[in-house]
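What follows is a short report on a single structure.
Each value in this text was obtained by applying a stated rule to the coordinates, not by laboratory testing. Keep in mind the model is a prediction, meaning the values are calculated, not measured. Heads up, the Cβs are rebuilt from the backbone with ideal geometry, glycines too, and the neighbour counts pull from every protein chain shown.
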Amino acid sequence: MSEFTHFNEQGRAKMVDISEKQETVRTARATTSIAVNEIIYNQIQTGGNKKGDVLAVAQVAGIMAAKNTSQIIPMCHPLMLSGVDIEFEWKVNSEQSKYELFLYVTVRTKGSTGVEMEALTAASAAALTIYDMCKAAGKEMVIGPTFLLEKTGGKSGDYTRE
């Protein structure tokens, strides 16, 4: 059974001390998706959204979220990230009126703790930004699922989702 590391001797929350952990190159890749209607799909594809370039703004929002994860998630350590990349991929079935945008986020650092939370936060913020920019054309958008695809580095080793 694993020990809870985020509690002090009084049973209260604490930030884990990572000062003794080895510094290694660490990466994490996370994904999420957002299902949209045909109007939103066309707006994003043609640049016709009144608020601007939806994917460019979502890209910046995701990068900013990764950089500020420790200010959003209470027990995350502030990290010096060496890279954040976000890729977008449409999966469209126009016959069934299904328009789904997949977001893939990769975060890298050299440090004493992993970047899984930064990748997940970036994916979530980018998807939420798309929702915010497109909600005038349809509020029925669905975000998710959001999950970790893989991570490398650190004491626990590598992980790849099956």
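Per the helix-only calculation at 222 nm, which mean residue ellipticity applies to the chain, given -39500 (n - 2.57) for every DSSP H run of n ≥ 4 and division by its residues, nearest 500 deg cm²/dmol?
Here the helix-only value at 222 nm equals -8500 deg cm²/dmol.
Using only Cα atoms and rounding to the nearest 10 degrees, what angle (0 to 90) does helix 54-67 make with the longest principal axis of the chain?
On a 0 to 90 degree scale, this one is about 10.
Between 0 and 90 degrees, rounded to the nearest ten: what's the tilt of helix 116-134 against the longest Cα principal axis of the chain?
20
In whole Å, what is the distance between the alpha-carbon centres of region 18-54 and region 112-126?
11
For the modelled label position 7 Å from the Cα of Ser70 along Cα-to-Cβ, which residues of region 111-138 have backbone nitrogen atoms closer than 17 Å?
Taking a point 7 Å out along Cα→Cβ of Ser70, the residues of region 111-138 whose backbone N falls under 17 Å are 111-122.
Above 20 angstrom, tally the Cα pairs of region 42-155 and express them as a % of all pairs, no decimals.
Result: 43 percent of Cα pairs exceed 20 Å.
How high is the relative contact order of the chain, in percent, counting Cα pairs under 8 Å that sit 6 or more residues apart?
It rounds to 36 percent for the chain.
Sorted by average packing, counted as other Cβ atoms within 10 angstrom per residue and highest first, what order do 95-107, 145-157 take?
In descending order of packing, they fall as 95-107, 145-157.
Where the only charges are on Cβ atoms (+1 Lys, Arg; -1 Asp, Glu), what is the dipole of region 120-162 about its Cα centre, to the nearest 20 debye?
Numbers: 5 positive and 5 negative charges, 22 e Å.
Computed charge dipole of region 120-162: roughly 100 debye.
Sum up the charges of everything whose Cβ sits under 12 Å from the Cβ of Val25, counting Lys and Arg as +1 and Asp and Glu as -1, but leave Val25 out.
So the environment of Val25 carries a net charge of +2.
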